[in-house]
Amino acid sequence: MARSDFKFHVTKRVRYAEIDAQRVVFNSRYLEYFDIGITEYWRAVGVYDRWPDHSSPEFHVAHAEVDYKVPILLDEEIDICVRCSRVGRSSMTFLFELHGKGADDLRATGVEVSVHVAEARGAPTPAPDDFIALFEAFEGRALRA
């Protein structure tokens, strides 16, 4: 995968609260960066326009992984790149890459699988077609498995 495979990114500056004693971003923060990325990705896709009252379909993260490549340091600006790679019956798979701002210098990669649920503690259920259509239109390709 290359940075050019991602249509979307959001830029973020590393804050003091995000680093460890060596001035390197603490490992758990990478998942927070992915969360920032996915929130802004959903905004770019049009989820918040389609459901302005935030009543959009409910998804829970079922799987998350991070591969660390090169440390990210205090006060660096990073680009959080996000794309939806696949839609299953009730799940969506999102890919992430972290790079220095405007650079093609891979710092970390990640994957998250989110599962659509009918209610906060409910069982997985198929994601609505109109919701998935937003992501397919944004990515310019079919995502359903």
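Listed values, structure above:
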quantity	calculated
Contact order normalised by residue count of the chain, Cα under 8 Å, 6+ apart, percent	27 percent
Distance between modelled label sites at Arg86 and Thr39, nm, 7 Å Cα→Cβ extension	2.8 nm
Residue-count net charge about Gly110 - beta-carbon cut-off 9 Å; Lys, Arg +1, Asp, Glu -1	-4
Relative contact order (%) - the stretch 67-145, alpha-carbon pairs under 8 angstrom, separation at least six	30 percent
DSSP loop GluC sites (Glu not before Pro) with at most 15 other Cβ within 10 Å: longest gap in the chain	1-75
Segment Lys7-Glu136, extension gain: residue separation times 0.36 nm, minus the distance between their alpha carbons	45.2 nm
Distance between the stretch 45-63 and the stretch 129-143 - C-alpha centres, whole angstrom	14 Å
Mean ellipticity per residue at 222 nm, deg cm²/dmol - from DSSP H runs of n ≥ 4 across the chain, formula -39500 (n - 2.57)	-6500 deg cm²/dmol
Modelled FRET efficiency - R0 25 Å, Glu65 with Tyr16, Cβ distances, 0.05 increments	0.40
Aspartates and glutamates whose Cα lies under 12 Å from that of Lys101, excluding same-chain neighbours fewer than 8 positions away	Asp75, Glu76, Glu77, Asp79
Cα long-axis angle, helix 129-139 against the chain (0 to 90 degrees, to the nearest 10)	40 degrees
Gained length - Ala118 relative to Leu74, 0.36 nm times residue gap less alpha-carbon distance	11.8 nm
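A short reminder: the numbers here are calculations on the coordinates, not readings from a lab. As the structure is a computational prediction, the values presented were derived from the model and not from experiment. Reconstructed Cβ throughout: ideal geometry from the backbone, glycine too, with neighbour counts over all protein chains shown.
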